[in-house]
Amino acid sequence: MAKRQDKRAEVIDLLAVHFLDTGLSDTGLRRLAEVAGTSDRMLLYYFENKEELVAAVLTQIASSLGASLTEMFGHRPLPPSTLLEALWAAAKSEAFKPHLRLWLDLAANANRGDPLLISISQQISAGWIEWMAHLLAVPDADKKATAALILAAVDGQLVLFPGEIARGESAILQLIRLLKQQVGHVDIGDRQHHDPAYS
């Protein structure tokens, strides 16, 4: 059993590199077996089906990226503008380009109605939002919505300027300015009195 688990992990690692290099356009079972250095029959020994294999690889890539970002950001609370600024810098870096390309590919295929990819993309998005929410120095009731706003802002530039994400700089800088203006303008005690979310 341990040997099988080790082989599964090895296959996932090899295919993670493949997905980051080529996206989701080259994911036929025979091609995946070739990349993994095995046969399609053996792949189905290590994984229940192709769907389980693809889900395992994409989940591994997301987890690996999450670990890198956690190492980069740590766990200290950050103002929304600071978190957005740091995420934007990461998104523009060469190191993250393969992940961003794959994320766009995953989202595009999910939007075509693939049930498996819809489920995976929703899980990954929820994970990012949860991760950012824990980092944000905002009232608890605002954490997830603010995290979703930040994620949507970065993702939006990927969609608007595929391959040239830096062209979204002015929009991101404008949102950073708006988020900075919010600091000190919201009285949390007043919100707790009027906002049903605090009741």
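The values are calculated or read from the model by the stated rules, or taken from the named source; none is laboratory data. All of these numbers come straight from a predicted model, not from anything done at the bench. Every residue, glycine among them, receives a Cβ derived from its backbone with ideal geometry; neighbour counts consider all protein chains shown.
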Item to check | Hits in segment 157-172 - residues which are in a helix (DSSP H, G or I), closer than 15 Å to Lys97 by Cα and under 18 Å from the mean Cα position of the chain (by Cα) | outcome: Gln157, Leu158, Val159, Ile165
Next on the checklist: For segment 101-120, check the following and say yes or no: at least one residue is over 16 Å from Gly23 (Cα atoms), assigned to a helix (DSSP H, G or I) and among the small types (Gly, Ala, Ser).
Outcome noted: yes
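Would you check if there is a residue in segment 4-14 being farther than 26 Å from Glu164 by Cβ, under 15 Å from the mean Cα position of the chain (by Cα) and not polar (S, T, N, Q)? Step through it out loud before you land on a result.
First, pick out the residues of segment 4-14 that are farther than 26 Å from Glu164 by Cβ: 4-14.
From the residues that got through so far, the ones that are under 15 Å from the mean Cα position of the chain (by Cα) too are none.
No; the residues of segment 4-14 include none that is farther than 26 Å from Glu164 by Cβ, under 15 Å from the mean Cα position of the chain (by Cα) and not polar (S, T, N, Q).
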Next on the checklist: Cβ-Cβ under 7 Å, sequence separation 6+ or interchain: first residue in segment 74-89 and on the phi < 0 side of the Ramachandran plot, partner of a type in the set (S, T, N, Q) and part of a helix (DSSP H, G or I). Which pairs?
Outcome noted: Pro80/Thr146
Checklist entry - Restricting attention to segment 96-109, which residues are in contact (Cβ under 8 Å) with a residue 12 or more places away in the chain and of a type in the set (Gly, Ala, Ser)? => result Ala107
Checklist entry - For segment 50-90, which residues satisfy the criterion of being aliphatic (A, V, I, L, M), more than 16 Å from Ile129 (Cα to Cα) and in contact with a helix residue (DSSP H, G or I) (Cβ under 8 Å, 6 or more places away or on another chain)? => result Leu53, Val54, Ala55, Ala56, Val57, Leu58, Ile61, Met72, Ala90
Next on the checklist: Here is a check on your reading of the model: is Asp21 exposed (fewer than 14 other Cβ atoms within 10 Å of the Cβ), closer than 22 Å to Asp114 by Cβ, out of contact with any Cys (no Cβ under 7 Å at 6 or more places or on another chain) and not assigned by TED's automatic domain parsing to the domain that holds Ile120?
Outcome noted: yes
Item to check | Residue list for segment 1-25, filter: modelled with pLDDT of 90 or more and of a type in the set (Gly, Ala, Ser) | outcome: Ala9, Ala16, Gly23
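Conditions (1) closer than 28 Å to Ala152 by Cα; (2) among the hydroxyl-bearing types (Ser, Thr, Tyr); (3) not assigned by TED's automatic domain parsing to the domain that holds Ile150, marked per residue:
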site	(1), (2), (3)
Lys3	no, no, yes
Val17	yes, no, yes
Arg41	no, no, yes
Phe47	no, no, yes
Val54	yes, no, yes
Ser68	yes, yes, yes
Ala86	yes, no, no
Asp105	yes, no, no
